[in-house]
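To start, the structure itself, in structure tokens.
Only the coordinates and a few stated rules stand behind these numbers; no lab work does. Model, not experiment: these values are computed from the prediction. We place every Cβ from the backbone using ideal geometry, glycine too, and count neighbours over all the protein chains shown.
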């Protein structure tokens, strides 16, 4: 019934009457069909039907298969794709038990049941027939099929099965489902109850992304994916003291206004700016404390007012961990009830990750990629479990040895992983540190951040917005301490 566009468009004619009327439609028992070739995918989609009054069998180039898919949709038929190695389809045709078969393309299918009427159409004849077939009165559903826009051969069987079921088809980029704002708007405008996904996708990723497209809350600034497309500019510190940064110099409402002041100019390259708070949730301590970890954990009650004000003002929040002698994952789990919120991300500060015999300010801490990966895997699972948009995962670094085996840090599609150069001092020195940290990291799969210090940088206050935007790679995150 439909040709593929943002949503499908009805064709203009009457399907030829069939001699038998059966209810062959059924609901697919799964929402994700992961196949790498069109032949296998077409069989998997046809298998969702109880039977079929008509079946279209096709071979040819991807563009020719698209015509076959649209023709099959126009006559309410599934599409079975064959190639020279898979022309035998006896079993599936016997199961579907069609009253007629249309063959499009040069290959003839093997195993056609004896006595089943079979018609042959060229691609040109099928193209002409589509415009002469008017839609029937099939009930239209609110379900969507998402197909890989880069693979017309895979889109073809999806077009056929969606047309038969009365569903709509939307094309998407399998590597950027959540970054496609037009796709998000199309899905949300459809009021769809389910999104069926077909193509060469990673099932774990697609399960989360298809659910997120349907109903996940959007990020501050809109959308479901953090970067590219926005830049976060943050105030940094702890709300209980001004000694650890500017966050402690005012209340949360006043901090929103101050963040807006420091963010001015960071959209000069056309990238929208989202205001942010980076809030130190666990503070490196000179004292061992009752738990002997040299880290003071803020309570949820202290942090919650800042989280709530941020939500009300479209501000993104990053919870920063300075774990002392404990590990990052143990501390991250203390704040799970905040991290399941869509506007709250997580930062790890290796400077303050101590070995059992170390103390702060005598040694500069470090963390191995293995411990970082434990945290990122847990955080990514949290995103999937709670149907969240992509979440910020920030790693602080100003020395190469602060993140050991950095090339082994894993990135996850559920997380926007950012490494922030957070060293202080003369601007020329900071540029040198930036160059050293970012050198040869094009395949690391991370974004980059920059930090300005009001008191410790030279000149005071750090680099200007224009100077920050002149860095390569261009930072997606900037904070002020």
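Against the chain, whose longest principal axis is taken from its Cα atoms, helix 369-385 shows a tilt of about 50°. An oblate overall shape is assigned to the range 317-447, the ratio a/c of its alpha-carbon gyration tensor axes (a ≥ b ≥ c) being 1.5 or greater and a/b not exceeding b/c. Label-to-label distance for residue 474 and residue 355 is 4.2 nm, based on points extended 7 Å past Cα in the beta-carbon direction.
Spin-label model, residue 378/residue 336: points 7 Å from Cα along the beta carbon direction are separated by 0.9 nm. Does anyone have the angle between helix 203-215 and the longest principal axis of the chain? Alpha-carbon axes, 0 to 90°, nearest 10? Compared with the principal axis, the helix lies near 90 degrees.
How do 444-453, 380-389 rank on mean C-beta neighbours within 10 Å, highest first? All intermediate terms of the calculation are to be shown ahead of the outcome.
Values: 444-453: 20.5, 380-389: 18.2.
Top of the packing list down: 444-453, 380-389.
Taking 0.36 nm per residue of separation and subtracting the Cα-Cα distance, what length does fully extending residue 23 through residue 466 add?
Numbers: separation 443, 0.36 × 443 = 159.48 nm, distance 6.51 nm.
The residue 23-residue 466 span can extend by a further 153.0 nm.
Length available on full extension from residue 122 to residue 175: 0.36 nm per residue minus the Cα-Cα distance, which gives 15.6 nm. Each peptide in 227-236, 326-335, 122-131 was scored by the mean count of other Cβ atoms within 10 Å over its residues; highest first, the order is 227-236, 326-335, 122-131. Peptides 154-160, 167-173 ranked from most to least packed give 154-160, 167-173, packing being the mean of other C-beta atoms within 10 angstrom over each peptide's residues. Beta bridges assigned by DSSP with both partners in the chain are antiparallel in approximately 10 percent of cases. Once the Cα atoms are used to define both axes, helix 62-74 deviates from the longest principal axis of the chain by about 70 degrees.
Antiparallel as a % of all DSSP beta bridges within the range 231-480, to the nearest 5? Spell out each step's value before the answer.
Details: 4 of 49 bridges.
Here the share of antiparallel DSSP bridges comes out near 10 percent.
Can you tell me how much longer the chain between residue 190 and residue 429 gets when fully stretched, taken as 0.36 nm per residue apart minus their C-alpha distance, in nm with one decimal? Before the final figure, lay out each step's value.
On the way: separation 239, 0.36 × 239 = 86.04 nm, distance 5.30 nm.
Extra length from residue 190 to residue 429 when fully extended: 80.7 nm.
Ordered from longest to shortest, the equivalent ellipsoid semi-axes for the range 231-480 are 24, 22, 20 Å, each the square root of 5 times a Cα gyration tensor eigenvalue.
Okay, helix-only estimate at 222 nm for the chain: each DSSP H run of n ≥ 4 adds -39500 (n - 2.57), divide by all residues, round to 500 deg cm²/dmol; what do you get?
Working: 14 runs with 143 residues, N = 481.
Calculated from helices alone, the mean residue ellipticity at 222 nm is -9000 deg cm²/dmol.
Report, please, the projected area of the range 2-215 averaged over directions, based on the convex hull of its C-alpha atoms, in nm². About 10.8 nm², averaged over all directions. Taken along the Cα-to-beta-carbon direction at a fixed 7 Å, the label points for residue 85 and residue 51 span 3.4 nm. A straight line joining the Cα centroids of the range 42-115 and the range 269-304 runs 60 Å. Normalised by the number of residues in the range 2-215, the mean separation of alpha-carbon contacts (under 8 Å, six or more apart) gives a relative contact order of 28 percent.
What is the ratio of the Cα radius of gyration of the chain to 2.2 N^0.38 Å, with N the residue count, to two decimals?
1.22
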